[in-house]
1. Keeping every protein chain in place, order Ile189, Ile18 by accessible area at 1.4 Å, biggest value first, i.e. largest first.
2. Working with all protein chains in place, sort Glu67, Glu157, Glu90, Glu228 by solvent-accessible area computed with a 1.4 Å probe, largest first.
3. What's the carbon and sulfur percent of the range 124-255's accessible surface, probe 1.4 angstrom, rounded to a whole number?
4. What does the extension gain come out to for Met301 and Lys288, with contour length at 0.36 nm per residue minus their alpha carbon separation?
5. What would the Debye formula give as log10 I(q)/I(0) at q = 0.11 Å⁻¹ for the alpha-carbon point model of the range 185-260, no solvent?
6. Please compute the per residue accessible area over the range 78-170 with all protein chains in place, 1.4 Å probe, rounded to a whole number of Å².
7. Quick one: how many Å² of Ser214 are accessible to a 1.4 Å probe, rounded to 10?
8. With N denoting the number of residues in the range 155-314, provide Rg(C-alpha) divided by 2.2 N^0.38 Å, to two decimal places.
Amino acid sequence: MGSEMCIRDSSIASELAIAMQSGKRVLLVGDHKQLPPLYSEPHKKAIARKLGIVTNDSEDLLQSDFERAFESGYGKEAGAKLLTQYRMAEPIGDLVSQCFYKGELVTGNRKIPDIYQNIPNVLKSVVTWLDTSPLGKASHHTESKNNSLTNRVEADEIISLLKEIANNDKFTTALSETVKDGEPVIGVICMYGEQKRHIRKKFNEQTWDDDFKSLVKIDTVDSYQGKENRIIILSITRSCSDLSSGFLRLPNRINVALSRAMDRLVIVGASQMWKGKNANKPLGTVIKYIESQKDQSNYKMLNVKSTQRQGAKR
């Protein structure tokens, strides 16, 4: 056995304990502001029963061991922060930094492909919030039998945007040349599993060129930690009259979803859902930051009725 060991923060407590016994010096590496280790629902409910905790949302239940160690007195003395990121274009990096890292995260030098000229209107700014609020109640989600959520308006807008990208042969060819064969370049991230299934179904019902189809990945935020795409389209999904925020009140998943984007980030959702009562929630903070940068061309708020797409809907 070696005397030194490096462990990532995605390990659960039992995995950490076993590994840490094998080394004399242990280095924990991770980011507790992103997704913690995943536990099954039965596991979390069993822990809650054992501890006598009553909770309506098991997301609140567990703190990662990495976070506990890093935020401890010892962690504050012995820990170190790596505060330069190289994945995200600077406007995306600045958004993530201000909303989730107290402005400490800075962007290192990274070359962005010179391919974003004649592109769909929604992609012209580096960060765009595509707002479904003008549609009123039509922008609201529906709940499935398994308590997951679907938002049909957001799904329609995302399919329309993908069609518009697919119709731009010059742009899609340039995009495909920035990745290895078979790798996706456009990621559609859904905050809810049912929305992922709905968008995948709609996507598979359309006729796409095989080359373009291989460029698109549609999945949940939980499956996206550690991954990245040049263009990320995020479906917030949750929108309702009572403004209940569900697990979207927690910053970790929002942080992961936004920080998967390399060159372009499009957020699709109802902005009114994250103002007023929810203004201090993570997505409320994101909206406030985007709106505060409205004088910069890198950030834009667009209403779904004013996107002025050409040939997107058929």
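The values are calculated or read from the model by the stated rules, or taken from the named source; none is laboratory data. Because the structure is predicted, anything quoted here is derived from the model rather than measured. Ligands, DNA and RNA are stripped out before the accessible areas are found, and what is left, the full protein with its side chains, is counted by its heavy atoms. Shrake-Rupley method; radii C 1.70, N 1.55, O 1.52, S 1.80 Å.
1. Numbers: Ile189 0, Ile18 115 Å².
I get Ile18, Ile189, largest accessible area first.
2. On the way: Glu67 55, Glu157 15, Glu90 110, Glu228 90 Å².
From most accessible down to least: Glu90, Glu228, Glu67, Glu157.
3. On the way: 2460 of 5590 Å².
Solvent-exposed carbon and sulfur of the range 124-255 make up 44 percent of the total.
4. Working: separation 13, 0.36 × 13 = 4.68 nm, distance 1.09 nm.
Contour length minus the Cα-Cα distance gives 3.6 nm.
5. Each listed q maps to, in turn, -0.30.
6. Values: 4640 Å² over 93 residues.
I get 50 Å² per residue for the range 78-170.
7. 60 Å²
8. Values: Rg = 15.8 Å, N = 160, 2.2 N^0.38 = 15.1 Å.
That ratio works out to 1.04.
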